[in-house]
Every structure is written in C-alpha cells, then in structure tokens.
Amino acid sequence: MWKIGAKEALLALSIDILFFTCLVSAGEFPRAQNVTWISTNFKTLLTWGPKPSENYSYTVEYSVVGEDRENNPHCIQSRETMCDLSASLSRLRESYIAEVLSEPPRGVALDLVEPPHTRSQAFCPYLDTDIDRPDFTIVVGKDKRSVTLNVMDPLTALFDGNQQQSIRDVFGDELQYRVTYRRHSSTGKKEYTSAGSVIELKKLDRGESYCFEVQAYIPSRKPGKQLGAQSQTQCSKGEKSFTDVYSVPVIAGGILLILLIVSVAIVVAVVCLKRRRKAQETAKERELL
C-alpha cells in the first residue's frame, strides 16, 4: 500500500512540476505600446511596439464600438508589430476599437483569465482616413485666358467585387477639390473650389504661365481632416503673343524709332555717296591738269 501511495505521490508531484513549469505570469509579457492607426485612402494599418521576444507574441482583436470583438486571421499570435485591417473595417461610417494582446507561445498557460492588452483610440474610416495627393493634367484654352485641370480621383484600398474603388466612389458628392494657383512670376496665391474632377479656371492673364496645386476637400469632416495631401506643383506653358508682351504705344514708338534710324541711315548713305563722287571728280580734274 505504501509503495502504491508513493508512486501516486511521485506522479502528482511530477504533474505539479510540469504544470508550474508551463504556467507563466502575465508580468513576463510587456503590454503593447503606442498603439496607433495609420490610414491612407482606406489602407488601414494598426501599429504598435515593442518587437516581441521569443517568449511571447501579439494577437489583435477589433470591433465596432459597443459590439463583440473579432480576430483578424493574419494577426493571431503574430511576431509582427503591425496588422492590416483594411478589409476588416467594411462598415466605413462606424467607429472601431482595436486591442493588442500580449500572449504566451502556443501550449503555454497563463495565470490570468485575460492576457495583458492595450486598447487603441476610436477610428472611423470614413472620417479619419487620410486622402493621398491627386494627379492632374493641364489644358490651356484657345483664348489663352483659361485653363482646364483634369483631376484623376485617387484609388483606394477598397474593392466592389473585382473593381477597385476611387475616393469619388466612396465619398460621392461630398468630394470636392481645392485648387491653389498663382502666376509663375508672382508669389500671390488664389484658391478655387470645384465639385467636379474637371476644373476650368477663367479670366486669367492672357498667355501668362500659371502654377497649380490640387488637393481633395471633404467639407463634412472635422477641420483637421477636411483637406487631403497637396499635389505636386504643375505649371502651364506661357504662350504670350507679341501684343501681349508690348502695348500699342510701345509698339508704335518702336516702329517710329526704326523708321527714324532707317531715315538717318539713308541720309548718311546719300551724303557719303555725294562726297565720294565729288572726291572722284576732284581726282580726275587733277589728273587732267
């Protein structure tokens, strides 16, 4: 009986040793820090730090505020410090909360009901994603006093079936474009806001070169998020005619000056010719003498 009891006690001790070896404290797993949303054109990443050691990993859970949390299959017990949630945040006008959990390796128990975790701030894709700078082309009008900008709506990370959506597809009539422009030779700037992607600017100085910058503008957003990134500066080609450069009085004065110079040149030529002939005649008279 004693031998059987000793074996049972030894087995129980071995189980206890194994259990306490696999049971770890939550203090061994640092909480995630600087949990931040980074989003441009609805490409939305959740980032944090520090880089985990071999003893633990990270799992990301997210949810619409007030609803049950979900997992992203690519961000479970991951050793990365970034999770792409672009496709997960499909309800664009809702606000989301994400939590980054610090977890032990697979098969290792934790002595707490829930692992250490850090919660993000609320994020609404429709209101908070940054809008990237647009591209555009410039067409100068035949009258040389108008310019048309053809803006290409930036594409997003969202798809409708196999069709990639642009910011125009997402924001619809709420999307506008803010144009900042100036004469190439001037530092003074003007602004113009257009509801469409084809923007015509009129009453410009004839033939003058103008420089343009374009950015998306969404008035329904809070002030810090209304304007997207500003495009690269592009300038139209100046096409001034002679009369654009010089006024009529200046042209008339130039013509008169040219006529005066020609007249003087003619008089000088005539005088020189007469003197030459007279000199020749004088030389012949001397030869005859």
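The values are calculated or read from the model by the stated rules, or taken from the named source; none is laboratory data. Bear in mind the structure is a predicted one, so any value in this text is a computation, not a measurement. Note that each Cβ is placed from the backbone with ideal geometry, even for glycine, and that neighbours are counted across all protein chains shown. These accessible areas exclude ligands, DNA and RNA; they are computed on the full protein's heavy atoms, side chains included. Shrake-Rupley method; radii C 1.70, N 1.55, O 1.52, S 1.80 Å.
Observations, loosely collected:
- Full extension of the chain segment joining Lys189 with Val108 gains 22.8 nm, where the gain is 0.36 nm per residue of separation less the Cα-Cα distance.
- Simple label model, 7 Å out from Cα along Cβ direction - Met152 to Leu227, nm: 2.4 nm
- In plain terms, the chain from Ile255 to Lys43 could stretch by 69.8 nm, reckoned as 0.36 nm per residue minus the Cα-Cα distance.
- Environment charge at Lys189 (Cβ cut-off 10 Å; Lys +1, Arg +1, Asp -1, Glu -1): +1
- His184 contributes about 110 Å² of solvent-accessible surface, heavy atoms of the protein only, 1.4 Å probe.
- Legend: calculated FRET efficiency, Leu127 to Asn55, from the Cβ-Cβ distance at R0 = 45 Å, rounded to 0.05, equals 0.70.
- In the context of the full set of protein chains, residues of the range 37-185 present 53 Å² of accessible surface per residue (probe radius 1.4 Å, heavy atoms only).
- Between Arg91 and Glu200, the FRET efficiency estimated from the beta carbon spacing at R0 = 41 angstrom works out to 0.65.
- FRET efficiency for the pair Asp143 and Cys235, taken as 1/(1 + (r/R0)^6) with r the Cβ-Cβ distance and R0 = 22 Å, rounds to 0.75.
- Virtual spin-label span in nm between Asp173 and Arg119, 7 Å along Cα→Cβ: 3.8 nm
- Going by accessible surface with a 1.4 Å probe and the largest first, Lys274, Lys225, Lys203 read Lys203, Lys274, Lys225.
- Distance between the modelled labels on Arg275 and Gln164, one decimal in nanometres: 8.1 nm (7 Å Cα→Cβ projection).
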